[in-house]
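So the structure is just underneath, and the comments pick up after that.
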Amino acid sequence: MAQPPRRGDVLWHAAVPELWRRTMIYVYRALARIGSERSGVPVSVRAVRSLVRVSYVKVAEYQRRGAVHFHAVIRLDGVVDGDRSVVVAPPVWADVSALAAAIRDAAPITNTMYGQLWRRARAVALTGPERAAGLAQRPYDLRHGCASLLLNSGVPATEVARRLGHSLTVLMSTYAHWFTGMEQEANRLIDAALSGSEPSGAGSGADGLPTGQTPGNADA
């Protein structure tokens, strides 16, 4: 059974349709460039749409971890007399290698587009107060949030480091502020271990953190 989507996944899901739409736009732009290079005749984006048609079938796979990604079959057909409903062979220059090259060229996202998409995703997935507080201003902030969540939830630091691809030294130095103020909780666990009793659940303060743990700066 798939897990409920996390906040980062919701942001990604909000951006996916626009990413796909822009990818198709850039595929046609790349085909216009490739057509010009291979035919020796300038081919505009408008002209290339009258010569070829990019069609596709895509399936969105909802992963167990809650994120979605696409599997797509993309093909390139010709256009005759402006009728895009008729399936005909494309021009000689528009072969499989041209389509593959166009897709590769269309895949990279510029910094400007990246920022626009992320702002749009935040507007969809976050509330006004959350945006005003600066939550997830950058995609990388989700990584910090994940690390902080795991550490606050009691996941061993060695496992958190493994999941982030860090060494334990890097993890401890980067997120050291999340380990401050935990003396009371550590003493409780030690006392429970020495007495042979089951440790009782840690209490939570108004900030939702285990008793004795103080929140740190999310921009570490």
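A few points about this structure:
- Residue check for E61: over 21 Å from R84 (Cβ atoms), over 31 Å from the mean Cα position of the chain (by Cα) and without any contact (Cβ under 8 Å) to a residue 60 or more places away in the chain: no
- Output for segment 13-63, where each listed residue is open to solvent by 60 Å² or more (accessible area, probe 1.4 Å), farther than 30 Å from G115 by Cβ and among the basic types (K, R): R38
- Matching residues in segment 64-99 - criterion: being among the hydrophobic types (A, V, I, L, M, F, W, C) and surrounded by 15 or more Cβ atoms within 10 Å (Cβ to Cβ): A67, I74, L76, V79, W93, A94, A98, L99
The values are calculated or read from the model by the stated rules, or taken from the named source; none is laboratory data. All values reported here derive from a predicted model rather than from experimental measurement. Cβ sites come from the backbone with ideal geometry, for glycine too, and all protein chains shown count toward neighbours. For accessibility, only protein heavy atoms count, side chains too; no ligands or nucleic acids. Shrake-Rupley method; radii C 1.70, N 1.55, O 1.52, S 1.80 Å.
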